[in-house]
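Trainee: Starting off with a structure, shown below.
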Amino acid sequence: MVRFEIRYRDACGRLGILETRHGKVETPALLPVINPNKLLISPKEMGKLFGTKIIITNAYIIYKHEDLKERALTEGIHELLDFKGVIMTDSGTFQSYVYGDIDVKPREILEFQREIGSDIGTILDVFVLPDDDHEEARKKVRETIKRAREAVDAKGEMLLACTIQGGKHEDLREECAKEMSKLDADVFPIGGVVPLMEKQLYRELAKAIVHTKMHLDPSKPVHLFGAGHPITFPLAVALGCDLLDSAAYAKYASDDRMIFPWGTEKLSELEEIPCHCPICEEISANELKKMEKEERERAIAMHNLYVSFSEMKRVREAIRRGNLWELVEEKSASNPLLMDALDFLREEKIVKWMEKFEPISKPSAFFYTSKFSLYRPIVYRYRKRLMERFVPKSRVKLVPEVEKPYSRHYRGLWKKFDGDVLVLSPFGPVPLALDEIYPIAQSVFPEKVEKDGCMDLLKRFMDKYKITEEEKYLEKGKDVDFERVKAVVDFQFGKGVSEVLLNGKVDIVKSERTEKIRNVYCDGKHVLSMRAHDGLFTLKPAGAKKLMRAYPPLRFRVVVEDEAVPFIKEGKNVFAKFVVDCDPELRPYDECIIVTKSDEYIAVGRCLLNREEMLSFNYGIAVKTREI
Ligand code: GUN
Ligand code: ZN
């Protein structure tokens, strides 16, 4: 069984830890492709210079080379490549794609990978070409699945990568992903995508990834075969790829092309090199041009790797900070073809799938960075919840946007108006009661922005509740703090939940300094605390117990095995392998109630995984326990 766990997440991207016989690797990781015939830069050097902990090489090339084969079999692959980290091997599928037939049997090359001590070996999958028709692609997919089944029996201690093929056929990607997920595979590469990347068909690439990921066991790491250029890293990772390999650094270097975060440039066309990597610090464009071919190739390959590894750091940092979507959109501004991928990701069916993996709140503000920003899953979620969970009064007053938080400006009006005050924000209409939640308050927009979908949402909202726009003011004023607490509870936990949680005498305690809501008591019991940074609630044990009395399982709950109970009662986190079941509505970073199999309260916590993931993962943390 592969040991893989999620530590942080953003979009469908995961920052995880993959454990192997040769150590742990932080994902998403870049695997430089090592050509065993041509060590332009040795793996050891890569380890030293870039901190590379994982590389990928080709077992078929080694197998076909008498001397290399002999040495690999006697010394092992780690000795042969002089690398102590993790080594993944590919099988020869790509050679069959490039050169036509290859003369090795699937079983033979799999056993060879095992015998030379590869940490992650790959099946000899059958490459489905983008142009393969359904009939042809289906044959190849069925053969690939058959080979994967046979490979499972032969993998031994080696982790096994079972490639998902299917070409452009959605149903075949689905079939392949589902069948492979049933097997004892450890890594799922997405195959057959190199031609898409070479032609920059990024919409097709996004489709291949999404149509695969949607049906794949989410607990296993996913590899993208031939991701190559760093411009695709944020997109691939945002869609859930954990391992990306790059042969591009060497391939481009061999014809004097330099990789940059925004694209590729020919050395011959550069006057200056816009880079500060150790190579470019030392050498000018002119000096580089004058170098001997061999030396130049190595220098450019080095530069290409510096840039690629640095871009991967950016991606990982973006996951930690929660601004991976901003990074994806930034890349699309450097290459319009990437916009075709973002355009595909706007489709309702796709956003709906992505929303299940999207964190409830993030450390960074929502930055509007392109016309695709308002199609991110978090916006979809806001709009959906506004429609389904916010019950308005029958009368509204529509007001323009002002500086955030809106309620500071409109508080007087809000108190007096006998209805709901709705701010026309780019996210859609925002009732003042919801103006402090993530990402409404934590967002940055330019002054003028196309409010895609905002007016349409407003109309649907008004029609649904038969609301009219009319002015009527109260004599006495209303309790807007209570209104806020109610609205946020319903938005966060579900329609009508506030009536259960706040069904007694409610006391709201505010911060004296900021005047923001801090704690909420109901009949003297502390049920909720509001977080200042995202305006959402933390559930307290008294609140959790109230919810449990009112709502049957599995609502809000994560059910754990008996053996885990004593540990959780000591405040330990909930490991995924002990989760029996949970509420399908829970999202990453949602509040939840941890219970026993007989539905007894244990603790409150914060989910790291959604239901699908909690049930699939056998490793790592599922819920961070907060309070007993
Ligand atoms: N390298 C690039 N694409 C592929 C693929 O589809 N399968 C395998 N095994 N290796 C690849
Ligand atoms: Zn450089």
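Trainee: Name every residue in the range 426-474 that is over 27 Å from the mean Cα position of the chain (by Cα) and among the hydroxyl-bearing types (Ser, Thr, Tyr), in order of residue number.
Mentor: 465, 468, 473 - these are the residues of the range 426-474 that are over 27 Å from the mean Cα position of the chain (by Cα) and among the hydroxyl-bearing types (Ser, Thr, Tyr).
Trainee: Is it the case that residue 208 is more than 16 Å from residue 29 (Cβ to Cβ) and either in a helix (DSSP H, G or I) or within 11 Å of ligand 2 (Cβ to nearest atom) (or both)? Explain how you work it out, then say what you get.
Mentor: Details: more than 16 Å from residue 29 (Cβ to Cβ): yes; either in a helix (DSSP H, G or I) or within 11 Å of ligand 2 (Cβ to nearest atom) (or both): yes.
The answer is yes for residue 208.
Trainee: Report yes if some residue within the range 62-74 is modelled with pLDDT of 95 or more, closer than 22 Å to residue 225 by Cα, buried (at least 16 other Cβ atoms within 10 Å of the Cβ) and not charged (D, E, K, R); otherwise report no. Give the steps one after another, and end with the answer.
Mentor: Going residue by residue through the range 62-74, those that are modelled with pLDDT of 95 or more are 62-74.
Of the ones still in play, those that are also closer than 22 Å to residue 225 by Cα are 62-64.
Now drop any that are not buried (at least 16 other Cβ atoms within 10 Å of the Cβ), which leaves 62-64.
After this cut, where a residue has to be not charged (D, E, K, R) as well, the list is 62-63.
Yes, the conditions are met somewhere in the range 62-74.
Trainee: Next up: Go through 456, 490 for me and flag whichever is buried (at least 17 other Cβ atoms within 10 Å of the Cβ) and of a type in the set (D, E, K, R).
Mentor: Details: 456 fails: buried (at least 17 other Cβ atoms within 10 Å of the Cβ).
Of the residues listed, the single one that is buried (at least 17 other Cβ atoms within 10 Å of the Cβ) and of a type in the set (D, E, K, R) is 490.
Trainee: Say whether the condition of being under 20 Å from residue 40 (Cβ atoms), of a type in the set (Phe, Trp, Tyr) and either touching a residue at least 24 places away in the same chain (Cβ under 8 Å) or more than 16 Å from ligand 1 (Cβ to nearest atom) (or both) is met by at least one residue in the range 305-320.
Mentor: Scanning the range 305-320 turns up at least one residue that is under 20 Å from residue 40 (Cβ atoms), of a type in the set (Phe, Trp, Tyr) and either touching a residue at least 24 places away in the same chain (Cβ under 8 Å) or more than 16 Å from ligand 1 (Cβ to nearest atom) (or both).
Trainee: So, in the range 589-601, exactly how many residues are in contact (Cβ under 8 Å) with a residue 24 or more places away in the chain and either of a type in the set (Ser, Thr, Tyr) or surrounded by 22 or more Cβ atoms within 10 Å (Cβ to Cβ) (or both)? Write out each step before concluding.
Mentor: Pass one, the range 589-601, residues in contact (Cβ under 8 Å) with a residue 24 or more places away in the chain: 589-597, 599, 601.
If we keep only those that are either of a type in the set (Ser, Thr, Tyr) or surrounded by 22 or more Cβ atoms within 10 Å (Cβ to Cβ) (or both) too, we end up with 589-596, 601.
Of the residues in that region, 9 qualify.
Trainee: Further, regarding this structure: Applying the selection to the range 210-227, what residues are touching a strand residue (DSSP E or B) at 6+ places or on another chain (Cβ under 6 Å) and surrounded by fewer than 24 Cβ atoms within 10 Å (Cβ to Cβ)?
Mentor: From the range 210-227, those touching a strand residue (DSSP E or B) at 6+ places or on another chain (Cβ under 6 Å) are 212, 216, 220-225, 227; that's our starting set.
Within the range 210-227, 216, 220 qualify.
Let's see how each residue does on (1) at pLDDT 95 or above; (2) within 20 Å of residue 414 (Cα to Cα); (3) exposed (fewer than 12 other Cβ atoms within 10 Å of the Cβ):
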position	(1), (2), (3)
436	yes, yes, no
440	yes, yes, no
448	no, no, yes
465	no, yes, no
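Trainee: Looking only at residues in the range 475-495 that are over 31 Å from the mean Cα position of the chain (by Cα) and not charged (D, E, K, R), which one is farthest from residue 588 (Cα to Cα)?
Mentor: Looking at the filtered set, the residue picked out is 477.
Trainee: Name the residues in the range 78-95 that are within 32 Å of the chain's Cα centre (by Cα) and more than 16 Å from ligand 1 (Cβ to nearest atom), would you? Don't jump to the end; show me each part of the working.
Mentor: Initial filter on the range 78-95 (within 32 Å of the chain's Cα centre (by Cα)): 78, 83-95.
Correct list: 78, 83, 84, 85, 86.
Trainee: Identify, please: which residue in the range 183-199 is crowded, with 24+ Cβ neighbours inside 10 Å and in contact (Cβ under 8 Å) with a residue 60 or more places away in the chain and is, among those, nearest to residue 131 (Cα to Cα)?
Mentor: 192
Trainee: Determine whether residue 2 is crowded, with 21+ Cβ neighbours inside 10 Å, under 21 Å from residue 224 (Cα atoms) and not hydroxyl-bearing (Ser, Thr, Tyr). Step through it out loud before you land on a result.
Mentor: Details: crowded, with 21+ Cβ neighbours inside 10 Å: no; under 21 Å from residue 224 (Cα atoms): yes; not hydroxyl-bearing (Ser, Thr, Tyr): yes.
Here the answer is no, as residue 2 does not meet what is asked.
Trainee: So, one more: Looking at the structure I just gave you, is residue 93 in contact with an Asp or Glu (Cβ under 6 Å, 6 or more places away or on another chain), modelled with pLDDT of 95 or more and away from ligand 2 (no atom under 16 Å from the Cβ)?
Mentor: Yes; evaluated as a whole, the condition is true for this residue.
Trainee: On the basis of being within 16 Å of ligand 2 (Cβ to nearest atom), closer than 25 Å to residue 315 by Cα and not in a loop (DSSP other than H, G, I, E, B), does residue 46 make the cut? It would help to see each step written out before you state the result.
Mentor: On the way: within 16 Å of ligand 2 (Cβ to nearest atom): yes; closer than 25 Å to residue 315 by Cα: yes; not in a loop (DSSP other than H, G, I, E, B): yes.
Yes, satisfied.
Trainee: Follow-up question, since we're still on this one. When you go through (1) charged (D, E, K, R); (2) under 26 Å from residue 328 (Cβ atoms); (3) without any contact (Cβ under 8 Å) to a residue 24 or more places away in the chain one by one for residue 45, which number turns out not to apply?
Mentor: Looking at each condition in turn, residue 45 falls short on (2).
Trainee: Which numbered condition in (1) out of contact with any strand residue (DSSP E or B) (no Cβ under 7 Å at 6 or more places or on another chain); (2) over 30 Å from residue 591 (Cα atoms) is the only one that residue 472 fails?
Mentor: (1)
Trainee: Could you count how many residues in the range 400-430 are farther than 17 Å from residue 516 by Cα and crowded, with 19+ Cβ neighbours inside 10 Å?
Mentor: Residues in the range 400-430 being farther than 17 Å from residue 516 by Cα and crowded, with 19+ Cβ neighbours inside 10 Å: 12 in total.
Trainee: Can you name every residue in the range 163-182 that is surrounded by fewer than 24 Cβ atoms within 10 Å (Cβ to Cβ) and either touching a residue at least 60 places away in the same chain (Cβ under 8 Å) or away from ligand 1 (no atom under 16 Å from the Cβ) (or both)?
Mentor: Scanning the range 163-182 gives 170, 171, 174, 175, 178, 179, 181, 182.
Trainee: A follow-up question, please. Out of the residues in the range 237-265 meeting the condition of being surrounded by 17 or more Cβ atoms within 10 Å (Cβ to Cβ) and part of a helix (DSSP H, G or I), tell me which one is farthest from ligand 1 (Cβ to nearest atom).
Mentor: Across the range 237-265, the extreme among qualifying residues is 238.
Trainee: Another one. Within the range 266-337, which helices (runs of 4 or more DSSP H) (wholly inside it) include 2 or more residues that are within 14 Å of ligand 2 (Cβ to nearest atom) and at pLDDT 95 or above? Break it down stepwise before answering.
Mentor: Working: elements: 278-282, 285-290, 293-321, 324-334.
Ranges flagged: 278-282, 285-290, 293-321.
Trainee: Looking at this structure, is residue 98 among the β-branched types (Val, Ile, Thr), modelled with pLDDT of 95 or more and within 15 Å of ligand 1 (Cβ to nearest atom)? Break it down stepwise before answering.
Mentor: Numbers: among the β-branched types (Val, Ile, Thr): yes; modelled with pLDDT of 95 or more: no; within 15 Å of ligand 1 (Cβ to nearest atom): yes.
No.
Trainee: Specify the residue that is nearest to residue 439 (Cα to Cα); the eligible residues are those in the range 340-367 that are surrounded by fewer than 18 Cβ atoms within 10 Å (Cβ to Cβ) and touching a Ser or Thr at 6+ places or on another chain (Cβ under 8 Å).
Mentor: Among those that are surrounded by fewer than 18 Cβ atoms within 10 Å (Cβ to Cβ) and touching a Ser or Thr at 6+ places or on another chain (Cβ under 8 Å), it is 365.
Trainee: Taking the conditions exactly as written (within 16 Å of ligand 2 (Cβ to nearest atom), buried (at least 16 other Cβ atoms within 10 Å of the Cβ) and either of a type outside the set (Ser, Thr, Tyr) or not in a strand (DSSP E or B) (or both)), does residue 41 satisfy them or not? Steps first, answer last, please.
Mentor: Working: within 16 Å of ligand 2 (Cβ to nearest atom): yes; buried (at least 16 other Cβ atoms within 10 Å of the Cβ): yes; either of a type outside the set (Ser, Thr, Tyr) or not in a strand (DSSP E or B) (or both): yes.
Here the answer is yes, as residue 41 does meet what is asked.
Trainee: Further, regarding this structure: Considering only the range 535-551, I want to know if a residue exists there that is without any contact (Cβ under 8 Å) to a residue 24 or more places away in the chain and within 25 Å of residue 606 (Cβ to Cβ). Give the steps one after another, and end with the answer.
Mentor: Looking only at the range 535-551, we keep the residues that are without any contact (Cβ under 8 Å) to a residue 24 or more places away in the chain, and these are 542, 549.
Filter once more, so that each one left must be within 25 Å of residue 606 (Cβ to Cβ): 542, 549.
Yes, some residue in the range 535-551 is without any contact (Cβ under 8 Å) to a residue 24 or more places away in the chain and within 25 Å of residue 606 (Cβ to Cβ).
The values are calculated or read from the model by the stated rules, or taken from the named source; none is laboratory data. Note that the structure is predicted; figures quoted are calculated from it, not measured. Note that each Cβ is placed from the backbone with ideal geometry, even for glycine, and that neighbours are counted across all protein chains shown.
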